[in-house]
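To start, the structure itself, in C-alpha cells.
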Amino acid sequence: MPISFNAIPAALRVPGVYVEFDNSLANNAAPNFKILVVGQRLAAGTVAEGVPTRVTSPAQAEEYFGRGSMLAEQLIALFAANQWMNITAIALDEAAAGVVATGTITIAGTATSTGTLALYVAGKQVNVAVTATDDATAIAAAIAAAITADTTLPVTAAAALGVVTLTARWKGETGNDIDVRTGYYGEQLPKGITCTIVDMASGTTNPDLDTAIAVMGDEWYNWIVCPFTDTANLVKLETELDSRWGPTRQIGARAFTAFRGNHADTVTHGDARNNPHVTCMGTNIAPQPPYIWAAVNAVIAAASLSIDPARPLQTLKLPYIMAPAIETRWTDAERNLLLFDGIASYKVGSDGSVMIERQITMYQVNAADIADDSYLDITVPETLEQIRFEQRQLFSSKYPRHKLAEDDARIGAGQSVMQPKLGKAELLALYRSQENKGWVQDYDGYKQSIVCEIGDGIGGGDRNRLNIQDSPKLVGQYRVHAQQVQFRK
C-alpha cells in the first residue's frame, strides 16, 4: 500500500536512506494563558496610550504607567496576589471631556491629647500625627501633607480652615469609588476632635474602551481586567467578547469587573447586564476601589482556571483585598439574591480574609427573555473553551493536509485520508481523556450524540467539508450539600 509522504518525493532515484519527521501525533501543548489588564495611566508614565505591554513587576508598572496611576495600582495588587501569570497591560488616557471626582474631610475641635489619626484612602493607611492643643486648621494641614507625601494614593489634597479637599488624580467615574474613612481597624480619633467625611463624587466620563479593543487585535487573551462599569463601555466589551467567543475567531475570554455600591444599587447594576463572558463581583462599600477588586479576583481565578477550568473557585482567598466593615457586610440571604441578579459573591472569614463564594457570569436570560442558567457559572464557558481548544488542536495537528472520503471508500493503509468514522473515533478518544480530567461525563451518551458526515448534511457545504455535531455533558460543581436527618427515639 502506498504511504502519503510529506516531503520525500515519489520520483527519487538517487540511492540513500531518506527519513522525514512528522510531528502531527506529538502536539499536546496547552494554551499560553494570558491576562490583559486595562486601566488609566498618568502623564508620568513612559508607555503611551494603546500600546499592549508585557509587565513583570510592580516597579515596571509604576515606570510604564505612572506611580499612583490606576493601572499601576491594579498591577501592583495583581502581583501581590499572584506573580506567576503572563500579564499584558493596555493603558488609556483620561477622557478630555471628563471631570475629576472630589471629596472633603472636615476636622472640628481641638485635640486634648496626643495621638494618631488613622486615615484610610482607597484602603491605604495614612497615619497623621496629632499633638495636644492642635486645632482643626493645623490637623487638616497635617492630613493634606501626609496625603501629598504618599504618591501612590489616587488623590491629591489641599487644606484650608480645617477642611481638606481631596481631588482624584484622574478624570472619570472611577474616582467616585475611591473610599475615604478613618479607623478601619478600630483605631480611635485623638480626643477632642471630630472628623466628617464627604464621599468622593461628581467624577464623570470614563475613557473609551474602543482604543483598547482596537489594539487587542486577534491576540488571544484568556482573561481581561476591566475597571469600567459604565453602560457604554460594557456594551462595547460584551460585543467584543461575543465576537471572540464565536466560531470564526475562537479566542474566547472572560472579563472581570467589580461594582461598588449598596445592595439595591448592585442589584440594579446586575439586572441591567446579560453576558456569559463578563463576571462582576459586588464589592459592597469596601475600602478598596472596584478596579483593585477586579484585578485580584481575575488573577486568583485565572490561576485556578488555567489548571482546571471545571473546578469551582469557591473558598479561594483574595489576597490584598480588605473586607467591608462588619456592620455593612451582606447577609447570606442578600448574597443569595445577588446570585440571581448576575453578581458574583464573596465571603469574609473570621480573620477578615475575603474569599470567592461563587464566581458567576452576568448571563441571566436567553434571547426570549426567559430565565436561563446554562452559562450561570464561569466554569461553563471556561470548560467549553478548553474542550474546543483540544478539538482544534487534535484535528489541525494530526490531519493538516488530508484528503476526505466517505466511510465506505477502500482506502489503503498509510494514506492521508480523513473519513467520518475516523473523525468520530478521534472525538471519542479525546472525550475519554477529557472525562479522565474531570471535565465531562456520560461517555455512552456522548457516543450516541455524535453525527459525522461529509457536506450537504447537518451543516451543508460541499464535498470537501466534514460536518460534525456532538453533545458533551459537562461535569457539575459540588456547591450545595443538602441533607435531611430523620432522628429516631
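The values are calculated or read from the model by the stated rules, or taken from the named source; none is laboratory data. All values derive from a computational prediction rather than experimental measurement. Positions of Cβ are backbone-derived with ideal geometry, glycine not excepted, and every protein chain shown enters the neighbour counts.
Some notes on this structure:
- Test: residue in the stretch 463-476 that is farther than 30 Å from Leu422 by Cβ and either exposed (fewer than 15 other Cβ atoms within 10 Å of the Cβ) or out of contact with any Cys (no Cβ under 6 Å at 6 or more places or on another chain) (or both): yes
- Count of residues meeting criterion [of a type outside the set (A, V, I, L, M, F, W, C) and in contact with a Phe, Trp or Tyr (Cβ under 9 Å, 6 or more places away or on another chain)] in the stretch 370-411: 8
- Among residues of the stretch 186-200 that are over 17 Å from Ala142 (Cβ atoms) and surrounded by fewer than 17 Cβ atoms within 10 Å (Cβ to Cβ), those with a Cβ under 6 angstrom from a residue that is among the small types (Gly, Ala, Ser) and at pLDDT 95 or above, sequence gap 6+ or separate chain, pair up as Val198/Gly103; Asp199/Gly103.
- Of all residues in the stretch 394-406 being surrounded by 14 or more Cβ atoms within 10 Å (Cβ to Cβ) and not hydroxyl-bearing (Ser, Thr, Tyr), the one that is nearest to Gln434 (Cα to Cα): Leu394
- Only one of the numbered conditions (1) surrounded by fewer than 16 Cβ atoms within 10 Å (Cβ to Cβ); (2) part of a strand (DSSP E or B) is not met by Thr257, and that is (1).
- Close contacts from the stretch 380-405, counting a first residue that is more than 21 Å from Lys421 (Cβ to Cβ) and a second that is in a helix (DSSP H, G or I), with Cβ to Cβ under 7 Å and a gap of 6+ residues or different chains, come to Glu382/Leu305; Ile387/Gln434.
- Pair list, Cβ < 6 Å and 6+ apart or interchain, from the stretch 13-24 residues that are touching a residue at least 24 places away in the same chain (Cβ under 8 Å) and closer than 22 Å to His402 by Cβ to residues that are among the hydroxyl-bearing types (Ser, Thr, Tyr) and outside any loop (DSSP other than H, G, I, E, B): Ser24/Ser397
- Residue ranges of strands (runs of 3 or more DSSP E) in the stretch 109-171 with at least 3 members surrounded by 15 or more Cβ atoms within 10 Å (Cβ to Cβ) and free of Cβ contacts under 8 Å to residues at least 60 places away in the same chain: 124-130, 155-160
- Among the residues of the stretch 253-310, those that are more than 11 Å from the chain's Cα centre (by Cα) and among the β-branched types (Val, Ile, Thr) comprise Thr266, Val267, Thr268, Thr283, Ile285, Ile292, Ile307.
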